[in-house]
Structure formats: C-alpha cells, structure tokens
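Here the structure is laid out as structure tokens; the discussion comes afterwards.
Read-outs throughout are calculated quantities, based only on the coordinates presented, and are distinct from any laboratory measurement. Because the structure is predicted, anything quoted here is derived from the model rather than measured. All Cβ positions, even for glycine, are placed from backbone atoms using ideal geometry, and neighbour counts span all protein chains on display.
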C-alpha cells in the first residue's frame, strides 16, 4: 500500500493569513469546479479532479465520524503520537513553533516502496456554531525548515492539504479532507492516484478507531 495521502495528517495550528488553497479547503465538491465522484461507501465519499500538472489528482473526501469535532480535532492534533496509530507512519517530530504556525517533520515507511519524508508548515482556525465548534486547517511543504534529505529516503516535494471538521449535531462530525501531493520517485501516476483512494479510506478508519481512546474524552464538549 503506497500510503501516498498520509502526508496530509499533521497537527494544525492557527495563523492569520490563508492561501488560496486553504480558502478552498471546504466541503464543496461542485462539479462545475471539476470534482467527480471517484468512490462512495457508507464510511466515506471520495472525489477527485485533475491536479496542476494533469497527471496527479487532487482529492477531497467527506465522511461521518461518531464523535464531537473537538475530539476528532484532538486526534488530528496529536501528531507526535501518529506512529502509534496512523498507517505507515514511523516518525513525527516537532521542528519549531514559528509565530502562530508550527513546523513538523514526518517519515513514512510504505511496504511496497522506499520510505518517504517531508517537513510541513501547518496552520488552523476555529469558530463556534450553534451545535459546537468548526475546526479548519491547512498545510504546505516547508522542507527547507526541516532535516536534510537522507540516502534511501525519497523527499516529498509537494503536499498541500486541509481538514474541515463540522458538527453534525452535538455528538458527531462531518469531516472533509483535501489533499494534493506528489509522493516522488518513479511510481506511475495512475498507481499513485489509485493508492490515494485506498489510503484515504484507511485514514478515516484510523481516525474513527483512535477517537474512541479515553485520552480524548476531555475534548468531547
């Protein structure tokens, strides 16, 4: 399993300014914007559209999680513990806090290809609504701020993404995950795109399982 989409799973921290990608990290999947349904199950609907280079696709996934947005956000925010519960993740390290953003390093160990690594800068914002809080995040690559490239590890050069967590009543979350990334190496685009769909499904499954951990109970309200 390529786990190509997992770079999107990083902690999220507040910043005042947002890029055009962050502003588009919404729950919208309008066909007029190029989105097409790729696969739909009872757990998640995954949409795709051509990326900037037309080979790799941008993905947006929408699915329910049986927990309040605060608890789901706490799981996503617990990035230093990703190696314990996120597929393929072997290392997560905080590089620095920089103003209202955070810089973090992550290394993945897929089974069918060489390790991948990258450094991301991550931001977040949140606001109250009638039945809870909405949490929104955005990240982009910041490899120049992290460790140098390592022999035998492929450096991911492109990774833009975001989470949008919206209350679906007081005890459930409507989660939207957006990502556009290039895993690097010589993996054909059609294989990488196919692996992304599988990886997104595994990502949602990992969140649903981890959010049941009692350590996140304080974030239920």
Multiply the residue separation of residue 217 and residue 150 by 0.36 nm, subtract the distance between their alpha-carbon atoms, and state the gained length in nm to one decimal.
20.3 nm
Each label point is 7 Å from the Cα along the Cα-to-Cβ direction; what then is the distance between the points at residue 170 and residue 35, in nm?
3.0 nm
Between rounded, prolate and oblate, where does the range 82-138 land on the alpha carbon gyration tensor, with a ≥ b ≥ c its root eigenvalues, rounded for a/c under 1.5, else prolate if a/b exceeds b/c?
oblate
Taking 0.36 nm per intervening residue step and subtracting the Cα-Cα distance, what contour gain separates residue 202 from residue 84 on full extension?
41.0 nm
Separation in nanometres of the label points that stand 7 Å from Cα toward Cβ, at residue 209 and residue 112:
1.9 nm
Reciprocal mean inverse distance between Cα atoms of the range 38-86 - Kirkwood radius, Å:
13.2 Å
Let me know the shape class of the range 51-176, please: from the alpha-carbon gyration tensor, a ≥ b ≥ c as square roots of the eigenvalues, rounded when a/c is under 1.5, otherwise prolate if a/b is greater than b/c, or oblate.
prolate
